[in-house]
Amino acid sequence: MSKDIFIEQLQRGDQIALTRLVEDNQDNVYRTCLAYVQNEHDAADITQNVFINVLEKVGQFKGEATLSTWLIRIAINLSINFLRDNKKRLKQLDVTDLQMESDDNSDDSQKEAKRAVRNAIYSLPDKQKKVFVLHFYLKLSYKDIASVTNYSVSSIESLLFRARKKLRSLLQGYYQTVNS
Amino acid sequence: MNENKLIMDCKELKIWVDRVNEDELLLGNANVQTHINECESCSLYYKGLLDSYSIMKTQRESSLSKQMSAQIINKLQEVNSTHRVDTRKTLFVLSRIAAVLVVSIGMLTGGLIGEVINKEKEDDSAAWQTEFSLLADDGESDLYLFD
């Protein structure tokens, strides 16, 4: 089915097209959100909002990028908005109840490690975070990242290098503290 | 690499770690393994990084549960139905407004046409009166009568 026909079906609210849209893209959207917010429940909620957003605004989709790229952009924006709106709550999470993060059965050291990872990713500057998430979590090529972000390929290379360096430095700092 | 010993030193390990991407980090390296077997500090540092990237890799491979997926599809269908109802309501209201506008414009137009016609009649009448008054004011006609 051509892209134009599919978009037309979405604009008409065709149920089969809606189901296909979710099934084809849900995992990538979810992984993007999870990479940002580092919490499964919040990531799932934001994923739902991404698709609702798309349904409401599909009439405005101009077709300059692929539908998947557009979805990822919306996922990033909604995740950033979530982090901004929940800054206070998330700060408290850092300090207190680890059990709020996830309902998995990890032991304490694993939970500490997860918190270190979350904090390290949070700490990345926005552009570095965006590029790191798209490359590492979604395995997008530099060209695809350029399509999502409108950054040049050389900027992406530079941002990725700096993101990795900063992440490792943050995680090293954490592990040195834990093991000292 | 320290060629005499053929194993990394701590600085070389750090350089290697900074250079490789995350998947290579997770894959490991024989020279790295040799070094961290002998160096406790690097072992802790390297293990910490591996743990962190393993956590991220697990997240990278995670999927939305089937339950959540079904929930999203249901929610979209619900939003879609509401959106269609709203659109029909909006169209209905717009059509009523359009009908009222058509009638109003019709009445206004009819009124205006009527006004124009009446104005023309008044103008004619005014013209007759003006002529008549002019004639009436002209004393000459009376003089001729008594001449």
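The values are calculated or read from the model by the stated rules, or taken from the named source; none is laboratory data. Nothing here was measured: the structure is a model prediction, and the numbers come from that model. Methodologically, a virtual Cβ is constructed for each residue, glycine included, from the backbone with ideal geometry; neighbour enumeration extends over all protein chains shown.
Annotations for the structure displayed:
- Candidates A:Tyr142, A:Tyr151, A:Tyr174, A:Tyr137 - the one that is of a type in the set (Phe, Trp, Tyr) and over 20 Å from the mean Cα position of the chain (by Cα): A:Tyr174
- The set of residues in region B:44-59 that are among the basic types (Lys, Arg) and either in contact with a strand residue (DSSP E or B) (Cβ under 7 Å, 6 or more places away or on another chain) or within 24 Å of A:Thr32 (Cβ to Cβ) (or both) contains only B:Lys57.
- Selection within region A:27-47: residues that are surrounded by fewer than 23 Cβ atoms within 10 Å (Cβ to Cβ) and within 9 Å of chain B (Cβ to nearest Cβ). The member of this set that is farthest from B:Thr58 (Cα to Cα) is A:Ala44.
- Considering the conditions (1) within 12 Å of another protein chain (Cβ to nearest Cβ); (2) at pLDDT 85 or above; (3) crowded, with 19+ Cβ neighbours inside 10 Å, A:Lys114 is excluded by exactly one of them, (2).
- Cβ-Cβ contacts under 7 Å between residues 6 or more apart (or on different chains), taken from a first residue in region A:20-47 that is over 18 Å from A:Phe136 (Cβ atoms) to a second residue that is buried (at least 24 other Cβ atoms within 10 Å of the Cβ) and among the hydroxyl-bearing types (Ser, Thr, Tyr), are listed as A:Gln26/A:Thr47; A:Ala44/A:Tyr30; A:Ile46/A:Ser79; A:Thr47/A:Tyr30.
- Identification of helices (runs of 4 or more DSSP H) wholly contained in region B:1-68 with 3 or more residues that are under 47 Å from the mean Cα position of the chain (by Cα) yields B:10-19, B:22-27, B:40-60.
- Condition met for A:Lys165 (within 13 Å of chain B (Cβ to nearest Cβ), assigned to a loop (DSSP other than H, G, I, E, B) and surrounded by fewer than 16 Cβ atoms within 10 Å (Cβ to Cβ)): no
- Qualifying residue in region A:63-77 (condition: among the aromatic types (Phe, Trp, Tyr), in a helix (DSSP H, G or I) and closer than 16 Å to B:Gln59 by Cα): no
- Residues of region A:1-26 that are more than 15 Å from B:Ser62 (Cα to Cα), surrounded by 15 or more Cβ atoms within 10 Å (Cβ to Cβ) and of a type in the set (S, T, N, Q): A:Gln9, A:Thr19.
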